[in-house]
Every structure is written in C-alpha cells, then in structure tokens.
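Note sheet for the following structure.
The values are calculated or read from the model by the stated rules, or taken from the named source; none is laboratory data. Quantities reported herein were computed from a predicted structural model and do not represent experimental measurements. For neighbour counting, all protein chains shown are included, and Cβ atoms are generated from backbone atoms with ideal geometry for every residue, glycine included. Just so you know, the surface numbers come from the protein's heavy atoms only, side chains and all, with ligands and any DNA or RNA stripped out. Shrake-Rupley method; radii C 1.70, N 1.55, O 1.52, S 1.80 Å.
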Amino acid sequence: MKDSCFNEFDPNALNVEDALGVILQSIKTKKTCESVKLKSAYKRVLAKDIKATKDIPNYKNSAMDGYAVNITEISGNNFVFNCIGESFAGHPFKGKVKPNNAIKVMTGALVPDACNAVIMKEMVKEKDNMISVRSKIAKNQNIRFPGEDIKKNDLVLSKGKIIDEIDIGILASLGESDVYVYTKPLIGFFSTGDELVSLGNPVIKSQVYDSNRYLLHGLLQKYPVKIRDYGVVKDNMTSIIKKLKKASSECDLLLTTGGVSVGDADFVRDALNKLGKINFWKIAVKPGRPLAYGKIDKCLFFGLPGNPVSVVVTFNLFVDAAIKKISGQIIRRTLSLEAKLESDIKKRKGRKEYKRGVLSVDKGKLFVKCLGSQGSNILSSLKNANCYIELGESINSINKGAYVKVIPFELESEYYD
Ligand code: AMP
Ligand code: MG
C-alpha cells in the first residue's frame, strides 16, 4: 500500500502505547551528574536517593507555649506545680526537674527528659511561680517527639524525582546544603517550511509566521533542560540535511516540525533516513499521525507534524516521556478521569483521538464538552480547552450522556470571581 495519511486504518501505524514503549526502550538516561546548591536544585532531577542522616525533629520539643511537667506520679484533675525555670527555642533549661516542678516552655523549645506533658499556657493560672491546673493532663500531650516527621535512615526522596519546593524544605531541614542532580540535556529544535516567516518580518498571503518554534520553546520551559533554537529551514533536502547534521552533533534530543508527511515538499523523513535511523513514522493517533522517531548518531530525533495542534498533542504524548527519560526523571502515568459528555462527538474507528474539551464540575459530578473546532491547525481549540478527551481506536461516534476518558491539563476549576 502506498504511504498515505488518508486512511483511518493503517496496518503500518503503531498504536500510542506501543510507540511510547519503543521510545522509552530506546532511550538511556544521561549519566552525568553535578552538585548544585540547594536553592538551585529547584525543578532539577535528583540523581541519587536521599536518606535521612538524622531524626526530624531531632529532639523532644514543645508544640505549644505552656508548661512542661511530669505527670507520672500524679492523678486527678486539680494540680499545683512549682515553676522553677524556662526553656526557650534555642535556649534549653539546663537544671534538674523534680516531681511537682514545672518548666515554662515556648513552642519548639526543648522539653526536659524528666517531663512527659506540656500544659497549654491558656489552661493554667500562675501566681508567684506556682501554677495551678484544673483539667485532666494526658501523658505526652503537646509534645513533639524525635523522628515524628522523618526517621533517621528513612528514604526521604527517590532518585529521579523532580525537586519541588516541599523537597527543598525537607532537604534544608536535614541540613543538605548541596544536592546531586542530573545535568540538563540539550534539546534543539527547528521548523521546516518555505511558507514560514520569522517574527519581525512582514508576511504576505501564502506565508505564515513560524509559531511552532515559539510553541516548542514554551513547551520546553517547564523541563530541566537546556534549549537551543536552530531557526527555520527551507523545504529542500540539502538545507535540511545540513541543519540536521549540525544540530544533531550538538544536542541530546532534536525536534523538528513540518515536512514529515508524504507531500512533494516533505523531506524530513528521507533526510533522517540518509543520516540516521528511523524507528517509526506512523502512529494511529489523531491529531498527529505522521511523526518520525529515530536517531542520528547519539542524538534522539522527533520529526513532529507541522500543524500546531498536532505539535502540542504529539509533544504531550511522546516528547514529554522522552525528555523525562533522558533527563533521569521517574515517569508516571497521566492522571485521567471519567466525565459525562455534554455534546455528541463524531469519530471514525482506527485511530486514538485526543479531542480538546472543557471539563467542569456541577454538584460534585464531572461533565465535559467537546469544543467545536477540532482541526489540527486550530490552535485556539487548545487555548479554550482545559482537557483532552481521549477516545480509543475502537470507539466510533459517541453520543451526549456517555462517559468518556478525560485528561485534565491542569487541575483547576472555573474562574474565581
Ligand atoms: P507540513 O507538515 O509541513 O505539511 O505542514 C502542515 C501545516 O502546518 C501547514 O499548513 C503548514 O503551513 C503548517 N506549519 C508547518 N510548520 C509551521 C510552523 N512552524 N508554524 C506555523 N505553521 C506551520
Ligand atoms: Mg511543510
């Protein structure tokens, strides 16, 4: 059969899961690591497991401003203690505590070993260093114990985790001033197309501004990677080969957009065939079926489609996983939900489709509307959407009221007013 993107059923097209499997299997994580200061570790990929070198908290301390006492030998609910000293955060009480003594303690201050309860300041009456309490006191009340948060030798963070603000806080509480992270891979990209004009120049009819490079630059921002923009390349074999050679010799991963289909001006696939190896180029997905995946020497290569929506969908589905794997990240499955369809959807069997939709919540139930314009050139369908509606290969048209699989872009609801 002639190569074509016309048929929905294409025996040579890989399904999404298999394609993802091929991609992940073919990629090795970059081995190089570097030590960075804790603040600079934000959003970097942790390169080794972190075990706690101490208990957190590392001493018995008070959860309240109040009085530390020993209740072992007392009972009832009317007590009098003699307050013999104070313990402040950073300035512990150093004397001896006898039965019926109390130590005034502040939040976070060391609770003497001899004490086993802290009474809230608001619960006592104080006069001439004597404090009286008219309520029950429970053993260990208002005391924070060593290791209550993190125990010494616990695995705190796993290799491959993206370090977020909470991790930074935890690492700081463990005293880790420097962190081992994977070095950032270099991701390069260029656009192909005779019709493309770079920003700052006028466009005439028959030309379009090159939006894909900006789109890709934006998409790549959230990853722990270095980014290199190789500009626009004309639709001719010589120019494409020249640029592929240069960029692939410099980058860990190279992305191109356009020129990967079967048109007379589509040279990317042939160029890739000449310079390197193609793993596959057709995937049973809509939008985005023509997508070349392969390697030029050590550089991984994705020839993404030209239409902007296809760029985003294939990036989300495949490039995302590839970047995570090269950069050493743990790869998680995407979170999906089930929502009730608020409009009919037209679809043919044969390809997995990612429609753009609007997910909403009404009285605790999830609803999803499929947006009207689903063309792979209509970038505003992504602007107006907050989720993908994922419809499997075997699904035909589907009616309002049915439940569908939804992948939220971000877990936010409607505007706050
Ligand atoms: P192609 O895959 O090269 O046949 O391109 C498919 C469609 O995407 C055509 O309408 C192109 O004009 C458009 N397109 C390709 N590359 C870009 C780009 N970098 N920016 C905006 N549109 C593009
Ligand atoms: Mg083109």
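Checked against (1) part of a loop (DSSP other than H, G, I, E, B); (2) in contact with a helix residue (DSSP H, G or I) (Cβ under 9 Å, 6 or more places away or on another chain); (3) touching a residue at least 12 places away in the same chain (Cβ under 8 Å), residue 401 passes all but a single condition, namely (2).
Taken over the stretch 242-251, the criterion of being open to solvent by less than 40 Å² (accessible area, probe 1.4 Å) and within 16 Å of ligand 2 (Cβ to nearest atom) is satisfied by 244 alone. Of the residues making up the stretch 229-247, just one is within 11 Å of ligand 1 (Cβ to nearest atom) and in a loop (DSSP other than H, G, I, E, B), namely 235. Summed over the stretch 152-197, residues that are at positive phi and within 16 Å of ligand 2 (Cβ to nearest atom) total 1. Filtered by the rule that a residue be in contact (Cβ under 8 Å) with a residue 60 or more places away in the chain, within 14 Å of ligand 2 (Cβ to nearest atom) and in contact with a helix residue (DSSP H, G or I) (Cβ under 9 Å, 6 or more places away or on another chain), the stretch 261-290 gives 261, 262, 267, 268, 290.
Looking at the stretch 153-172, which of its residues are closer than 16 Å to residue 58 by Cα and part of a loop (DSSP other than H, G, I, E, B)? Once the filter is applied, which keeps residues that are closer than 16 Å to residue 58 by Cα and part of a loop (DSSP other than H, G, I, E, B), the stretch 153-172 yields 153, 154. Do we have any residue at all in the stretch 134-150 that's charged (D, E, K, R), open to solvent by 100 Å² or more (accessible area, probe 1.4 Å) and within 30 Å of residue 224 (Cα to Cα)? Yes, the stretch 134-150 contains a residue that is charged (D, E, K, R), open to solvent by 100 Å² or more (accessible area, probe 1.4 Å) and within 30 Å of residue 224 (Cα to Cα).
If the condition is being more than 16 Å from ligand 2 (Cβ to nearest atom) and either free of Cβ contacts under 8 Å to residues at least 24 places away in the same chain or out of contact with any helix residue (DSSP H, G or I) (no Cβ under 9 Å at 6 or more places or on another chain) (or both), then the stretch 203-223 contributes 204, 205, 214, 217, 218, 221, 222. Among the residues examined, residue 132 qualifies as part of a strand (DSSP E or B) and either aliphatic (A, V, I, L, M) or under 30 Å from residue 99 (Cα atoms) (or both). In summary, helices (runs of 4 or more DSSP H) completely within the stretch 283-397 and bearing 3 or more residues that are open to solvent by 10 Å² or more (accessible area, probe 1.4 Å) and modelled with pLDDT of 95 or more occur at 320-326. Go through the residues of the stretch 309-324 one by one and say whether even a single one is touching a strand residue (DSSP E or B) at 6+ places or on another chain (Cβ under 8 Å), more than 29 Å from residue 403 (Cα to Cα) and more than 16 Å from ligand 2 (Cβ to nearest atom). Yes - at least one qualifying residue is present in the stretch 309-324.
Candidates in the stretch 172-228 are the residues that are within 12 Å of ligand 1 (Cβ to nearest atom) and among the polar types (S, T, N, Q); of these, the one that is most open to solvent (accessible area, probe 1.4 Å) is 206.
Of the residues making up the stretch 67-74, at least one is of a type outside the set (Ser, Thr, Tyr) and more than 17 Å from residue 130 (Cα to Cα). Screening residue 200 with (1) part of a strand (DSSP E or B); (2) more than 16 Å from ligand 2 (Cβ to nearest atom) gives one miss only, at (1).
Counting the residues of the stretch 252-274 that are in contact with a Pro (Cβ under 8 Å, 6 or more places away or on another chain), open to solvent by less than 10 Å² (accessible area, probe 1.4 Å) and more than 14 Å from ligand 1 (Cβ to nearest atom) gives 1. For the stretch 8-48: of the residues being without any contact (Cβ under 8 Å) to a residue 24 or more places away in the chain and assigned to a helix (DSSP H, G or I), which is most open to solvent (accessible area, probe 1.4 Å)? So, considering only residues that are without any contact (Cβ under 8 Å) to a residue 24 or more places away in the chain and assigned to a helix (DSSP H, G or I), the one most open to solvent (accessible area, probe 1.4 Å) is 25.
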